[in-house]
Amino acid sequence: MDFVLFLEKILSNLWVNILIYVVFILVYLFMFRKRIWSIVDPLFMQTISMASASYCVYILTYYQLIKSEYSLSFLLTEVGFLLGFFVVKNVKNRKSSVASEINFNFKELQIFIFTSAFVYFIAQMVTFKIIGFILFKDDTNHVFAFQEHSTLRVFLNYSRVIFLISVFYKKHLLGRFSTIEKVFIFFTVVCTMLEGSKSALLTFFALYVIVNFIYATRNGLPVFKISKVFIFILIFSSVLIISVQNNAGLLNSVVSLYYRFIGSGDIFVLGYNENVINSIHEKSGLKYIFYPGLGTFMKLFANIEPPHIIGVDITEYHTGKTDSGPNARHNFIGMLFWGYGGIIFSFICGFLISWVRNFLIFADKKNRQFIYFIIVSLITYSITDLISDANLFMNNFVWSLFMLVIIYFLSSFVSILVLTKANEEINKIKLIC
């Protein structure tokens, strides 16, 4: 159905529907209250999006805008996801052993940080040269600006993420940033703002929380807590920004924020229709999930056609446009490709997210290799994307690891040169003595 018609149904009894939405939010936050590490933890926003999606399906069902089979499919896949997620024991409920001292060459970590910062700096300068300062362009946004520069976007986004993870890890090891690290972090923040990506700024907080939680939990240390004052400022700032952008009052801004949140369920509003589902081109669930990233490399050896993006197909059905579309949430993917077998898919998604956040983070507690910590942090950062779109998760996961391999080999090469030079200097001193 049309999203405008959906909003009209909500507006017919707006404040009651908003109150019901708040109840959905509170219920989901209550369920995940012991699993969310911070308000800037990616799982927090995914919990809000899950509540919003469930609310949308409730509205669609209540006003009889979709068939009952779609409502049942959503309910069963959502229950499957929750069972998969909560079947894994919460890390906060089990005692972690204190990790031993650092067992890797600290100089190698410093060189890795320098290399990732250098790669990011080059990618950022090339971005400004080719695309310019997106923030000051009225005719485009962060997403569309990189449509013809996907490779550049990979180098830019993932080199930045890898740099931040590694420098935050070093900060936890030493308890402080160096002056040059502070300068480059500030440079990274400014450049991110000039790119015009609002959500990318939250990446800084999210990565710090993830690195802190993994490091602190593995070492038996207290976890960093964000103050309630900061949380209030964050919420108030969001409402204020919307108020300024839309030239609206405070009450209308709250309603606008509500509309933005329930947009998480747009795939169900637009896609829960037999004609829409029949218009979707892709028929292979495995190809849809595993092609991103992996398919790019497989094309070197076989003739493989990339899958049609589900959200784009749905948008094309409604508007004729093919430039964007809603994310295909795990509920929709499971129903589309496997029917009620999608319950198993949702269970697997929930299980993997919870397992990564509760067990994988304890890999290599003896700190034998700093690269293990960075890999685990990257997986933890991206794993919650399985909720909103498995296709998106695989794309982020594969390309972040690809970028990590490039930076690691570059830093290893630099390490060999630096350490070899250092050994030569030591031998010269020994000969002189």
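So here's what we get for this one:
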| read-out | value |
| --- | --- |
| Under Karplus coefficients 6.51, -1.76 and 1.60, residue-wise ³J(HN,Hα) of region 12-27 in Hz, glycine/proline x | 5, 8, 4, 5, 5, 5, 5, 4, 5, 4, 4, 4, 4, 4, 5, 5 |
| Gained length - ILE20 relative to PHE409, 0.36 nm times residue gap less alpha-carbon distance | 134.8 nm |
| Chain lengthening between VAL27 and LYS89 when straightened (0.36 nm per residue, less Cα-Cα) | 20.3 nm |
| Pairwise FRET efficiency - LYS287 versus LEU417, Cβ, R0 = 41 Å, nearest 0.05 | 0.45 |
| Most to least packed among 114-121, 159-166, 262-269, 22-29 [average Cβ atoms within 10 Å] | 159-166, 262-269, 114-121, 22-29 |
| Residue order, fewest to most beta carbons within 10 Å, for TRP338, TRP15, TRP399, TRP37 | TRP15, TRP338, TRP399, TRP37 |
| Extension gain from LYS67 to LEU7, taking 0.36 nm per residue of separation minus the Cα-Cα distance | 19.8 nm |
| Order of MET394, MET193 under a 10 Å beta carbon neighbour criterion, fewest first | MET193, MET394 |
| Where labels lie 7 Å past Cα in the beta-carbon direction, separation of ILE130 and MET193 in nm | 2.6 |
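Taken together, the values in this text are just the output of simple stated rules run on the coordinates, not laboratory data. All of these numbers come straight from a predicted model, not from anything done at the bench. In this analysis, Cβ positions are derived from the backbone assuming ideal geometry, glycine residues included, and neighbour counts consider all displayed protein chains.
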